[in-house]
Amino acid sequence: MVLGNTRLEGTQAFIMNLLRNLDLEKFQIDWAVNNEGEGGGISQQIRDFGCNIFFLPYFKVYNYFSFVKAWRIFLKGHHYDIVHAHSTNSAAIYLRIAKQLGCVTIAHSHSAGYRGNKIQQLAKRVFAKGVKHVADYWFACSDSAALRLFGRNYKTYPRYYTIPNAIDVEAFKYNEETARRVRKQLGITDTALVCGHVGSFTSPKNHIFLLRIFDEVLKRNPDARLVCCGIGEMLPAIKEMAGLMGIIDKITFTGAVLNVSEYMMAMDVFVFPSLFEGFPVSVIEAEASGLPIVMSDTITNEIDLTDLIHRYSIDETPDVWAKGICEIRFNDRLEYNSVIANTSYCIHSSSQLVSSLYFEMSRRSD
């Protein structure tokens, strides 16, 4: 598995769900990353599954030759049947090396866009462009994520597969006792309106707009609270902005947490104003928890598995979003868990598909 880091972000959460459901007596799965997450991220949990973690350079264009050398040395020194690229911006380079050394290669698109400023986005788009020519298998979490990496004709490729960003549905089944316990731990009353967000503090998640929305919510409901789960490079700036707006005492920043399901049970509304996404795992988790979701209309419609979804344009004012949040009607949260359990987004069915494909690939590499 090739990823950027060991933070608990959407892609990493999906892989951890896979590890919990694959037969690890039949697979040895290792991780190649550029760096660990803050405080080591989920490195220990990864190793607890018997996985090794290896550190490879981050591709910066000017280090092309040292990047190639490092990957060639690594892959020559370790035998792998399969190299599964989740970090695809430089995958055309390291998958070509893997293919030359007899590995079966997978390019897996998890996003509908590219992070960074305009120059960084352009560079990533250029270097990602060749990945479809060196990957034996094309995976994507959604149509928009596939279109971004593989182009318009991706469905005609004989080894293209949609791999849903599946979750452990049962873990997100709403429990009122858990909800009350978490609220008490956070110092939030049972009657307060709790807006929630789960996501890395990076520009696509649009946290600045999230703060502006919540500021408008507070004008309508002064007792409301915002709970944000996640870490990332923008977290200090977002905290500073919340302080300048005078609303930081109404916000809980949990950092990286392993019990996201419990925090979701304590929330009343999930607010998700992303600029773009591939297929956000956290939205499926919110649906499984029966949590009403107010999110941007930039996100794929494939995620609309229930009537919990309420879409707004990111071009609308924060006031419009806040009005929608405060007018949401709440239903029985328990009924939604079984709906998600009967879809392909249940990790049991998704892991069976990945397992069968891995076996197919391992026979090709023999």
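Nothing in this text is a laboratory measurement; each read-out follows from the coordinates by a stated rule. Computed from a predicted structure; not experimentally measured. Cβ sites come from the backbone with ideal geometry, for glycine too, and all protein chains shown count toward neighbours.
Note on K250: lysines with a C-alpha under 23 Å away, same-chain residues under 8 apart excluded, are K184, K205, K219, K239, K323. In terms of other Cβ atoms within 10 Å, M264, M241, M1 run from fewest to most in the order M241, M1, M264. Only lysines eight or more places from K60 in sequence, or on another chain, were considered; those with a Cα closer than 17 Å are K69, K118, K124, K129. Using the Cβ of C141 as centre and a radius below 12 Å, the other residues enclosed give a net charge of -2, where K and R count +1 and D and E count -1. Here the spin labels are modelled as points 7 Å beyond Cα on the Cα-Cβ line, and at R329 and Q352 they lie 3.7 nm apart.
Classify region 295-366 from the C-alpha gyration tensor, please: rounded if a/c falls under 1.5, else prolate or oblate depending on whether a/b exceeds b/c. Taking the square roots of the gyration eigenvalues as a ≥ b ≥ c, region 295-366 is oblate. Each of V194, V68 has some number of other Cβ atoms within 10 Å of its Cβ, and from fewest to most they run V68, V194. Springs join every pair of Cα atoms under 10 Å in this Gaussian network model of the chain, and among A91, A237, A146 the largest mean-square fluctuation is at A237. Say a paramagnetic label sat at a point 7 Å from the Cα of E170, along Cα to Cβ; which residues of region 17-49 have their backbone N under 13 Å from it? Zone members listed by number: 21. For the chain, adding -39500 (n - 2.57) for each run of n ≥ 4 DSSP H residues and dividing by the number of residues yields -12000 deg cm²/dmol at 222 nm.
Put in line by how crowded their Cβ is, counting other Cβ atoms within 10 Å and starting with the fewest, C229, C326 read C326, C229. Computed from Cα positions, the angle between helix 10-21 and the longest principal axis of the chain comes to roughly 70 degrees. Could you please report the charge total around F67, scoring K, R as +1 and D, E as -1 over all other residues with beta-carbon less than 13 angstrom from its beta-carbon? Net local charge, F67 excluded: +4. Taking springs between alpha-carbon atoms closer than 10 angstrom, which of Q12, Q185, Q100 fluctuates most in the Gaussian network model of the chain? In the Gaussian network model the winner is Q185. According to the square roots a ≥ b ≥ c of the eigenvalues of the Cα gyration tensor, what is the shape class of region 33-87, taking rounded for a/c under 1.5, prolate for a/b larger than b/c otherwise, and oblate for the remainder? Oblate shape, in that a/c is at least 1.5 and b/c is the bigger or equal ratio.
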